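Have a look at the structure below before the remarks.
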Amino acid sequence: ISYRNFIIKNWSSDARLDGKTAIVTNANTGIGKEAARDLARRDKYLLVQVILACRDMEKARDAANNIINDTGSNTVIPCKLDLADTKSIYEFADHIYNMEKPVSILINNAGIAMCPYSTTTDGFEMQFGVNHLGHFFLTFLLLDLLKQSSPARIINLSSITHSMGKIQFDDLNSEKSYHPVKAYVQSKLAKVLFTRELARRLEGTGVTAYAVDPGVVYTSAVRHMKSFIQMFVKAFQFLIRTPAEGAYTTLYFAVTPELAKESGSYYCNCTRANCSRAASDDESARKLWKVSCHLLGIRNFFCRPWSSDARLEGKTVIITGANTGIGKETALDLARRGARIIMACRDMEKAEGAQKEIIAESGNENIIVKKLDLSDTKTIREFAEQINKDESQVNILINNAGIMMCPYSKTKDGFEMQFGVNHLGHFLLVHLLIDLIKKSPPARIVNVASVAHRWGTMNFEDINSEKSYDSMKAYGQSKLANILFTRELAQRLEEGTVDRGLPINDDRQHHGNTTAGTRTANALAGTGVTTYALHPGIVNTELGRHLNCAKKMAMQVVRPFTKSSIKGAQTSIYCAVEPGLERETGGYYSDCAPASSSRNATDVEVAKKLWAVSCHMLGITWD
């Protein structure tokens, strides 16, 4: 007993959390459950709200009932959160915003240890994806709520094993080689580096961050270890901390008032501890931050600036939805570069107003406005007929227009509105203009997609959402379709024939590769037309006009994280004009660089099927 007391610092505190909200990931068992139990007790009036963010809801409900019975608190709430799925993380964060409660404590406790090789839903190596990227994304989404609740705290559970780790930036997903221990310690090192960089960026906001080592604790996290290691752990269990003891350091930094002035360090046994040299490398911390944003397709707050003096004199550019937002800013930039701009818009009054502004600001009078309603195939055909008749070339086509999370409705041709406008409308437009585009090499087709494609799956059994409709799922499906279309179109254009070519030979397509199947070899060997899909970032535009009140409130809360239309347009402009990019085709981009897409977005067979289904729905032949 005396030896345990020597190595395990006994800690207690009567600090209260009256009326505050705390989130604990994986709080249905082990350290997370004990931390949640302790926090639930710290409210004189039983008003503290503890959210158990768990993957297994049955276990989460059992844990909540156990804590309620033990503490008398009736505000212990189980919520679904699967850190191996960015869609689940987004839905959880959306739920938290809809609760309209301030969040004062976020304990990123969940983790997986030394499992056999597998990948998350989004194609990331499981330990790096759950232990680091999942919590990175969750923190990103909740950060403004934490800022509003300052003083607020973020506690990231790491491990002393981080000292064995190294961030393998050239193989973060362990695709070249995999060792469960190396992958685990990399993820724990990432937790310390993330905490360090997060604290630096949060200075002055009232939000502090801590990386903690809970000590050696026997929990369900060891379930993937080899049996002889588990036997060893059990044999020396008298020296190993209980989950309640393992929660001491987490709780110490969650509730101790005087620690509000500390941030960014690594702690063990309720005190500051020495971390490894790798964990104190500021350059690695900054690089990991950027790479994590890049992998997740979210805005990198300190992304590398991009600019280009490329000129477009003698070039013709068509931009859909060019009267507002990203489309308008893209048109203005390309007009300044000397291009002939054709603004393809549904609302002609707004389009003509935007046209006058672009002419005045750019000094380029070669700005044309034409009617295009992507929810009506008749106007799409009329628009394309006029372009094919009047224009001798189309060098750049930017499919920018879109609709987002609208109530259920249908296009004039009977398609679900989001799938009809965002995908089918642009699919038909490209089909009708492709011959003219192929006569204008080198030419580019740019499709504005979204990180929301990660929420999407192609529901071929109910493509028009007639059996059931969820505005978010329908939007995600339409954005996934944008990327799959880009991929398949690139394949066909590179072959240079009207026949289907061979599938893209990309061994990484099922592991969340960073270029989403980008082809770089002989991209211009076929037709001379290349294609690009992109995520513009979270942009404050009119696109969100159909969001319900709760989601609009959430968007207001995260407004500091959103991009302006000018910044949101940068990746569209990059894909349209960046010199040398014509050697690549079929990829997915964010923040003016190749980015990771979901596993669904790299499925060659689904891309082929979507092409065939789209042709069938539109009544066209595109072989």
Computed P(r) (all Cα pairs; the stretch 340-476; 5 Å bins; percent)
2, 9, 17, 19, 19, 15, 10, 6, 2, 0, 0
Across 10 Å bins from the origin, how do the percents of Cα pairs in the stretch 76-143 run, short distances first?
21, 52, 23, 5
Solution diffusion estimate, µm²/s, Stokes-Einstein, the stretch 248-297, Kirkwood Rh from C-alpha pairs, 20 °C, viscosity 1.002 mPa s
166
Assigned charges on the beta-carbon of Lys, Arg, Asp, Glu; the stretch 27-108 dipole about Cα centre (debye):
220
Among 445-458, 317-330, how do they line up by average Cβ neighbours within 10 Å per residue, starting with the highest?
317-330, 445-458
Can you list the aspartates and glutamates whose alpha carbon is less than 20 Å from that of LYS176, not counting same-chain residues fewer than 8 positions off?
ASP122, GLU125, ASP506, ASP507
Cβ-based net charge around LYS438, under 13 Å, with every Lys or Arg adding one and every Asp or Glu removing one:
0
Per-residue HN-Hα couplings for the stretch 582-587, Karplus 6.51 cos²θ - 1.76 cosθ + 1.60 at θ = phi - 60°, whole Hz, x for Gly and Pro?
5, 7, 10, 7, x, x
Using a cut-off of 22 Å between alpha-carbon atoms, which lysines can reach LYS33, once sequence neighbours fewer than 8 places away in the same chain are excluded?
LYS9, LYS20, LYS44, LYS59, LYS80, LYS101, LYS188, LYS191, LYS234
Spelling it out for ILE23: with amide H atoms placed in the peptide plane at 1.01 Å from N, the residues 5 or more places away or on another chain with amide H under 5 Å from its amide H are ILE51, ILE105, LEU106, ILE107
Could you work out Rg/(2.2 N^0.38 Å) for the stretch 448-496, with Rg from alpha carbons only?
1.29
Between ALA260 and GLU352, what length in nm is gained on full extension when 0.36 nm per residue of separation is reduced by their alpha carbon distance?
27.7 nm
Skipping prolines and chain starts, which residues have an amide H placed within reach, meaning under 5 Å, of the one on ILE368, given they are 5 or more residues away or on another chain?
ILE341, ILE342, MET343
Calculated from backbone phi, Karplus (6.51, -1.76, 1.60) coupling profile of the stretch 392-399 in Hz, x at Gly/Pro:
8, 7, 9, 8, 9, 10, 10, 7
Which FRET efficiency value, to the nearest 0.05, is calculated for ASN66 and SER564 with the Förster distance at 45 angstrom and r the Cβ-Cβ distance?
0.40
Counting pairwise Cα distances across the stretch 242-359, what percent come out greater than 18 angstrom?
71
Mind listing the phi-derived Karplus ³J(HN,Hα) values for the stretch 451-464, rounded to whole Hz, using 6.51, -1.76 and 1.60 with θ = phi - 60°, and x for any glycine or proline?
4, 5, 4, 5, 7, x, 9, 7, 8, 5, 6, 8, 4, 9
Among 251-260, 381-390, 194-203, how do they line up by average Cβ neighbours within 10 Å per residue, starting with the highest?
194-203, 251-260, 381-390
Could you tally the net charge around PRO579, taking each other residue with its Cβ under 13 Å from the Cβ of PRO579, Lys/Arg +1 and Asp/Glu -1?
0
Quick query: amide H of TYR267 versus all other amide H atoms, modeled in the peptide plane; which residues come in under 5 Å with a sequence gap of 5 or more or a different chain?
ALA211, VAL212, ASP213, ALA273
Long-range alpha-carbon pairs in the stretch 101-185, meaning those over 16 Å apart, account in percent for 56
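Laboratory data are not the source of any read-out in this text; all were calculated from the coordinates shown. Quantities reported herein were computed from a predicted structural model and do not represent experimental measurements. Don't worry about glycine lacking a Cβ; one is built from the backbone with ideal geometry, like all the others, and counts go over all protein chains shown.
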